[in-house]
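Following: one structure in structure tokens, then a few remarks.
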Amino acid sequence: LQAKSLLTAIDASRQYRLMESIRLYGMQQLADASETGSAFEAIAGWLATVAQAFVTAPMSVPHEVRRQVVKQAGTLRVVCEWTASSKDDRHVLLSTALAIAAANRGFVADGRKVLRDALSHPGGAPGHRCTALDRAGWFAGFQGDFAEGISYARHGLRIARELGDPALITNCLATLAC
């Protein structure tokens, strides 16, 4: 497929990306078959399953999960646009994963923007909002915006305490301690 110019290599990582024209053709085929929603639903479901580790084990997310999230950052961005437009409750969770992927690649400001946008909308499971608030707080503090960081982390801690989740409570307290 690469020899036929249908795929392009991404660096030397043995990862490939569809050419834009092929991706657009595929999207049109999905739309013509009325399958766009089910395709986005499937990929959003898989990505949400991967991202759930940031909520269930925030201080000990397996390296493989972090690697997978970074690898899928482009897909996460597209799926986050879809979940935002469809008001899907997984939007906050997936935005958190996208923000973490951005930060892991050195783009903390981009991660902050993703989280700020996601948190400006209602919805999302309390654990997902808590994790997003915690990461938003950590990213803000990392960039020297301590007032915003403390505000986000305190809000996340309130939710974590309401949930009675020791992992989320510990994570929020660690963010406040930094």
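The values are calculated or read from the model by the stated rules, or taken from the named source; none is laboratory data. As the structure is a prediction and not an experimental result, all values here were calculated from the model. Because the Cβ atoms are built from the backbone with ideal geometry, glycine has one as well, and the counts that use them run over all protein chains shown. Side chains included, ligands, DNA and RNA excluded: accessible areas come from the protein's heavy atoms. Shrake-Rupley method; radii C 1.70, N 1.55, O 1.52, S 1.80 Å.
Taking the Cβ of V65 as the centre, find all other residues whose Cβ is under 15 Å away and add up their charges (Lys, Arg: +1; Asp, Glu: -1). Surrounding charge for V65 is +3. For segment 47-178, the relative contact order is 22 percent, taking Cα pairs closer than 8 Å that sit 6 or more residues apart in sequence and dividing their mean separation by the residue count.
Once you have the Cα-Cα distance between C178 and R77, take 0.36 nm times their residue separation minus that, and quote the gain in nm to one decimal. Don't skip to the end; give the middle numbers.
Working: separation 101, 0.36 × 101 = 36.36 nm, distance 2.86 nm.
Length gained between C178 and R77: 33.5 nm.
Remark: segment 118-125, residue by residue, has Karplus-estimated 3J(HN,Hα) of 5, 6, 6, 10, x, x, x, 5 Hz, where x stands for each Gly or Pro and the curve is 6.51 cos²θ - 1.76 cosθ + 1.60 at θ = phi - 60°. For a test of the definition: using alpha carbon positions, the gyration tensor, and the 1.5 limit on a/c, classify segment 102-149 as rounded, prolate or oblate. It is prolate, given that a/c is not under 1.5 and a/b is the larger ratio. Atom-type composition of the exposed protein surface of the chain places 58 percent of the accessible area on carbon and sulfur (1.4 angstrom probe).
The gain in end-to-end length when the S151 to R23 segment is fully stretched comes to 42.0 nm, 0.36 nm per residue minus the alpha carbon separation.
Taking the Cβ of A103 as the centre, find all other residues whose Cβ is under 12 Å away and add up their charges (Lys, Arg: +1; Asp, Glu: -1). Neighbour charge sum, excluding A103 itself: +4. A 1.4 Å probe, protein heavy atoms only, puts the accessible area of F146 near 120 Å².
Computed from the C-beta positions of A31 and F107 and an R0 of 45 Å, the FRET efficiency is 0.90 to the nearest 0.05. Between A84 and A42, the simple spin-label model (points 7 angstrom out along Cα→Cβ) gives 2.6 nm. The sum of -39500 (n - 2.57) across all DSSP H runs of n ≥ 4, divided by the residue count of the chain, sets its helix-only mean residue ellipticity at 222 nm to -22500 deg cm²/dmol. Here is the list for segment 72-168: trypsin sites (Lys or Arg not before Pro) lying in DSSP coil, each with at most 16 other C-beta atoms within 10 angstrom of its C-beta, are K87, R105. Across segment 146-151, coupling constants 3J(HN,Hα) worked out from phi with the 6.51/-1.76/1.60 Karplus curve, θ = phi - 60°, read 5, 4, 5, x, 5, 4 Hz, and Gly and Pro carry x.
With a simple spin-label model that places each label point 7 Å from the Cα along the Cα-to-Cβ direction, the separation between T170 and H63 comes to 2.1 nm. With a 1.4 Å probe rolled over the protein heavy atoms of all chains, the accessible area of S120, S86 falls in the order S120, S86, largest first. The Kirkwood hydrodynamic radius of the chain, based on inverse pair distances between different Cα atoms, is 17.1 Å. Please label the shape of segment 117-178 as rounded, prolate or oblate, based on the square roots a ≥ b ≥ c of the eigenvalues of the alpha-carbon gyration tensor (a/c under 1.5 means rounded; beyond that, a/b larger than b/c means prolate, else oblate). Since a/c reaches 1.5 but b/c is at least a/b, the shape of segment 117-178 is classed as oblate.
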